[in-house]
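The values are calculated or read from the model by the stated rules, or taken from the named source; none is laboratory data. Everything numeric in this text was worked out from a predicted model, so none of it was measured. Reconstructed Cβ throughout: ideal geometry from the backbone, glycine too, with neighbour counts over all protein chains shown. These accessible areas exclude ligands, DNA and RNA; they are computed on the full protein's heavy atoms, side chains included. Shrake-Rupley method; radii C 1.70, N 1.55, O 1.52, S 1.80 Å.
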Amino acid sequence: MIAPLGLSRVFFARKIVAIEAKIAAWREAIQQALMNTWFASQSYVLLPLRRSMEQIAFEAKRVGVGVIVFDGVVTRLVVRSIDRPIPASYGSW
């Protein structure tokens with residue numbers, strides 16, 4: 001008798017981190033990072049440092065994605081992504 005296996009038995013990856021890098025258009029980057037949660041356990045946007053970082057951090061926290069900033073020399077974590085179970089469903093793979 002053949003029976004379907006549970007996701008945890010057929011899916012070997014336990015953690016996938018997605019990073020959406022943008023020079024501009026931070027709102028679109030956050031939306032794409034949110035869409036990346038379909039397959040990723042953590043999803044981040046990577047952006048250059050800007051004055052609107054407080055608003056960007058607020059929006060990212062609201063949807064559960066992280067923010068990484070690069071100032072031309074140093075990369076730093078501004079907001080940590082929430083952890084999600086993967087895969088989200090059979091359809092995400």
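One residue alone among ILE30, ILE2, ILE23 is hydrophobic (A, V, I, L, M, F, W, C), at pLDDT 95 or above and either farther than 13 Å from ARG84 by Cβ or open to solvent by 60 Å² or more (accessible area, probe 1.4 Å) (or both), and that residue is ILE30. Sub-8 Å Cβ pairs linking a first residue in segment 59-74 that is touching a residue at least 24 places away in the same chain (Cβ under 8 Å) to a second residue that is crowded, with 16+ Cβ neighbours inside 10 Å and among the basic types (Lys, Arg), at least 6 apart or interchain, are GLY64/ARG84, ordered by first then second residue. Of the numbered conditions (1) over 20 Å from PRO85 (Cβ atoms); (2) in contact with a Leu (Cβ under 9 Å, 6 or more places away or on another chain); (3) modelled with pLDDT of 95 or more, LEU46 satisfies every one except a single condition; which is it? Exception for LEU46: condition (2).
Total residues in segment 33-59 satisfying the condition of being open to solvent by less than 10 Å² (accessible area, probe 1.4 Å) and either more than 11 Å from GLU20 (Cβ to Cβ) or of a type in the set (Asp, Glu) (or both): the figure is 2.
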